[in-house]
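Shown next, in structure tokens, is the structure this report addresses.
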Amino acid sequence: MGFGNFTVSGGKPLPLGATIDGNGVNFSVFSRHAKTVELILFEHEKPNSKYHVVNLTAKQHRSGDLWHCHVADIKAGALYLYRTDGLYQPEKGYRFNVNLALLDPYAKALTDSSHWDFSRATAYNLDDPAGDLSYNYNSNFDNAPRCIVIDNDFDWQGDQPLNYPLRKSILYETHVRGLTAHPSSGVEHPGTYRGVIEKIPYFKELGVTSIEFLPIHEFPENELGRVNPRTGKRLKNYWGYSTVCFFAPKQLYSSDKALGAQVREFKEMVRELHKAELEVILDVVFNHTAEGNEFGPTYSFRGLDNQIYYILNANKRYYQNYSGCGNTVNCNNPVMRSLIIDCLHYWVVEMHVDGFRFDLGSILGRDQQGHLMENPPVLELIAEDPVLRNTKIIAEAWDAGGAYQVGWFPGGRWAEWNDRFRDDVRKYWRNDPSQVRNLATRLSGSADLYLRDGRKPFHSINFMTSHDGFTLCDLVSYNAKHNEENGEGNRDGGDNNYSYNYGFEGQTANPVIETTREQQIKNFFCTLMISQGTPMILGGDEFGRTQKGNNNAYCQDNELSWYDWTLFEKNKMLFRFVKEVIAFRKRHPGFMRPEFYTGIGRRYNAPPDVSWFDETGDPISWEKENSLFAVRIDGTKADIVADRDDRDFFIMFNAGLKEVKFTVPQTYETQLWKRVIDTSLPAPDDILPLEKRPEFPSVSSSYRVKPRSLVVLVAER
């Protein structure tokens, strides 16, 4: 059959998207306000391809707000787009333009979009002084990426999502491309899903349980119009927080460039990570899209039904901007709510992912006028959805519109990125005054935030660093951000980093400063791993990755952001420490408690489950201004779920500048205190692994804790 000789029938309204059946493909797309909808089928992916237009008539091809048809005798790999016609009245919220190619919001894959200039795909004439009130009569069909019909045929080899309990998880946040794009990565497929597979032995050695990827949904990497002022090279959207298609894995990250191969390669990555007992968590960006504000491109949602998909201002020409990125998705409109749930179902059921981190999650709690809701339907729906019941759901519990919901994010079982943990731990180890009470609260699982609404310690996602901000190496190397290469005059990025350079701004060969910085990094990692809650580490921190003081490297798709694996060789002892402290946490349920501390003993004549002391051995006075304290943790019934005891721990903290002698309490019954961790000691004595247990030094009635250090004692029989 020659191209264009298609047999078209009415088809079915559900499911949305392009669905293969035994006779062809069913297409369905939403638009309430369009007057006409056309399906365009393309012969191939190259520019100037032949295409065939299928006119969808309201009588035969419309059910309610869904436009649909069935095309016989086509299969996986078929290429398509839509276009719509209707009112173009921006001041009333209508932005239809029949000349523009539109992506299917339910598309499972796109052809290569790297050549497409999204900024030119506007419904208005870029050269008209009237701006977005003008109309663009030029077609963009020839160069637009196309949607690809995808089948779900894949040999999963029995794989299913792992769904580890949060309290037993250790998250590792990384970028698919940045992980292996650097020439030093040593992989065969750099910057790709297969490159991730090649790093599985590394993840296993490190000991993390879950890989949390920055956005992998299709996004326009070439949407930025700025250049690096130092190099003159065009800056790119590297992080990917600018979604084009929520169902489509990024084609750029696939080593196989065949049509639709990115779907198969993503599935291969998930399957192989699961074989290695590693979870996959996706960072998802339902709060805004790459279409931006009224001057942005029109490539999908805006051209299908602008006022349904976005929260508009009272003057509907303009967009509410709670995302800081130009627009805000209308998440609690039933249409968008259904898209979000359908999307999450797809990634769990068909792509086998284990969880999601919701970027600017507070936006999902805003109603269709932008007001924060007490019981947001979409958040409750996600939390209670039966398909997602065992899936991790993690909120970034704030947005750019002023919402801050850490500790009271609505919707039930949501976990949250706990930036209070990040800031309080940073301030304590920087030796800011009066931080002991705050650190003790964070070590205990942040009960001040999560106890009141029935959530547990593990609902706190504890982290020191993330993609957004300094790396851990830079946190101890810079007093201020250095974002000049972003081309925004160093105005972008946060200013409240609670960082300190210890005497020199940036990298230095001074051995005293370098030793202090490494010791502080060990303090941060150890504090993270002995705290109640779910720890997350930023990829590369474990071997000293640096961004040279850039705390907002969203546009740096280059060696500034990529993992320089030569640092792994240089900082092997740091990697060893991190690996061992992760292993230490994993073998001690006392740091993974399913419930908050009670302050009550769990056995006869035993101390409380947690006790706090000053350096003299007396109960701590929380009003003291110094930076010294100790905590005793009783391990009895530490894991009440498994009815399992753990050992007892005595942990001493000294963020000050002087060595201090701490009084060590007596052990219970016939035990001895033995030192496992002292961050002031050089490797390998800074942490002793399990196999060295007989060699652990015994500690009697006191211990001298060096400046800026942390000591962990374990009770041994």
Convex hull projection area averaged over all views, the chain, Cα basis, nm²: 31.9
Relative contact order of the range 590-716: what whole-number percent is it, with Cα pairs under 8 angstrom and at least 6 residues apart? 24
What's the long-distance tail for the range 590-716, i.e. % of Cα pairs beyond 25 Å? 25
Shape call, the range 247-398: gyration tensor on alpha carbons, a/c limit 1.5: oblate
Pull up the DSSP beta bridges for the chain and report the antiparallel fraction as a percent, rounded to 5. 75
Cα-based helix-to-principal-axis angle, 419-429 vs the chain, degrees rounded to 10: 40
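Hey, which of these cross-link pairs are over 23 Å Cα-Cα: Lys456/Lys586; Lys168/Lys250; Lys168/Lys392?
Pairs exceeding 23 Å: Lys168/Lys250.
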Cleavage-rule hits (chymotrypsin sites (Phe, Trp or Tyr not before Pro)) in the range 370-476: DSSP loop, at most 11 neighbouring Cβ within 10 angstrom: none
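Of the peptides 283-290, 248-255, 342-349, how do they stack up when ordered by the mean number of other Cβ atoms within 10 Å, highest first?
Numbers: 283-290: 25.1, 248-255: 23.2, 342-349: 18.6.
So the order, starting with the most tightly packed, is 283-290, 248-255, 342-349.
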Degrees separating the helix 261-275 axis from the principal Cα axis of the chain, which is the longest one: 20
Which of Thr679, Thr84 has the fewest other C-beta atoms within 10 Å, and how do the rest follow up to the most? Thr84, Thr679
Hits among aspartates and glutamates - C-alpha to C-alpha of Lys257 under 19 Å, sequence gap 8 or more where chains match: Glu43, Glu45, Asp112, Asp151, Asp153, Glu188, Glu198, Glu218, Glu221, Glu265, Glu268
Could you state the principal axis extents of the C-alpha atoms in the range 91-244, from the largest down, to the nearest angstrom? 59, 44, 32
When the Karplus curve 6.51 cos²θ - 1.76 cosθ + 1.60 is applied with θ = phi - 60°, which whole-Hz ³J(HN,Hα) does each residue of the range 4-12 get, with x for Gly and Pro? x, 8, 9, 9, 10, 10, x, x, 10
Formal net charge of residues neighbouring Tyr318 (Cβ-Cβ distance under 10 Å; K, R +1; D, E -1): -1
Across 10 Å bins beginning at 0, the whole-percent shares of Cα-Cα pair distances in the range 488-641 come to 8, 27, 31, 21, 11, 2, 0
Residues with beta-carbon under 14 Å from that of Phe6, excluding Phe6: net charge, scoring Lys, Arg +1 and Asp, Glu -1? -1
Based on the alpha-carbon set only, what is the convex hull volume of the range 109-189 divided per residue, in Å³? 264
Please turn the phi angles of the range 374-385 into ³J(HN,Hα) values with the Karplus equation 6.51 cos²θ - 1.76 cosθ + 1.60 (θ = phi - 60°), one per residue in order, whole Hz, x for glycine and proline. 6, 10, x, x, 5, 5, 5, 4, 4, 5, 9, 4
Amide proton proximity set for Arg95, modelled H, under 5 Å, gap of 5+: Gln89, Asn306
Could you calculate the contour length gain from Asp155 to Thr508, that is, 0.36 nm times the residue separation minus the distance between their Cα atoms, to one decimal place in nm? 122.0 nm
With a Förster radius of 41 Å, plug the Cβ-Cβ distance of Trp408 and Asn48 into 1/(1 + (r/R0)^6) and report the FRET value to the nearest 0.05. 0.15
Which cross-chain or sequence-distant (5 or more) residues have an amide H under 5 Å from the amide H of Ala395, H modelled 1.01 Å from N in plane? Phe358, Ala415, Glu416, Trp417
Reachable lysines, given that their alpha-carbon falls under 18 Å from the alpha-carbon of Lys35 and they are not under 8 places away in the same chain: Lys59, Lys92
Would you tally the net charge around Asn483, using a Cβ to Cβ cut-off of less than 11 Å, leaving Asn483 out, and scoring K and R as +1, D and E as -1? -2
For the range 471-533 the trypsin sites (Lys or Arg not before Pro) that pass both the DSSP coil test and the at-most-11 other-Cβ-within-10 Å test are Arg491
Quick one: of Lys579/Lys692; Lys199/Lys233; Lys50/Lys108; Lys427/Lys706, which pairs are farther than 26 Å apart, Cα to Cα? Lys199/Lys233
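Taking the range 8-148 on its own, what percent of its Cα-Cα pair distances exceed 26 Å? Provide the component values of the computation, followed by the final result.
Details: 2418 of 9870 pairs.
Within the range 8-148, distances greater than 26 Å cover 24 percent of Cα pairs.
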Counting other beta carbons within 10 Å of each Cβ, put Leu14, Leu81 in order, fewest first. Leu14, Leu81
Cα-based Rg then Dmax for the range 67-142, in Å, read 14.8, 47
Residue-wise, which Karplus ³J(HN,Hα) couplings in Hz belong to the range 83-88, taking 6.51 cos²θ - 1.76 cosθ + 1.60, θ = phi - 60°, and x for glycine or proline? 8, 10, 10, x, 5, 10
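Which number comes out as Rg/Rh for the range 320-459 once both Rg and the Kirkwood Rh are worked out on C-alpha atoms? Intermediate values should be presented prior to the final figure.
On the way: Rg = 16.5 Å, Rh = 16.2 Å.
For the range 320-459, the value is 1.02.
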Please arrange Glu272, Glu218 by counting, for each residue, the other beta carbons lying within 10 Å of its beta carbon, fewest first. Glu272, Glu218
For the chain, find the longest principal axis of its Cα atoms and tell me its angle to the long axis of helix 334-349, 0 to 90°, nearest 10. 60
Contour minus Cα-Cα span, Glu625 to Thr36, at 0.36 nm per residue, comes to 205.0 nm
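Throughout, read-outs are computed from the coordinates displayed, never taken from laboratory work. Just so we're clear, the structure is a prediction, and the values are computed from it rather than from any experiment. Cβ sites come from the backbone with ideal geometry, for glycine too, and all protein chains shown count toward neighbours.
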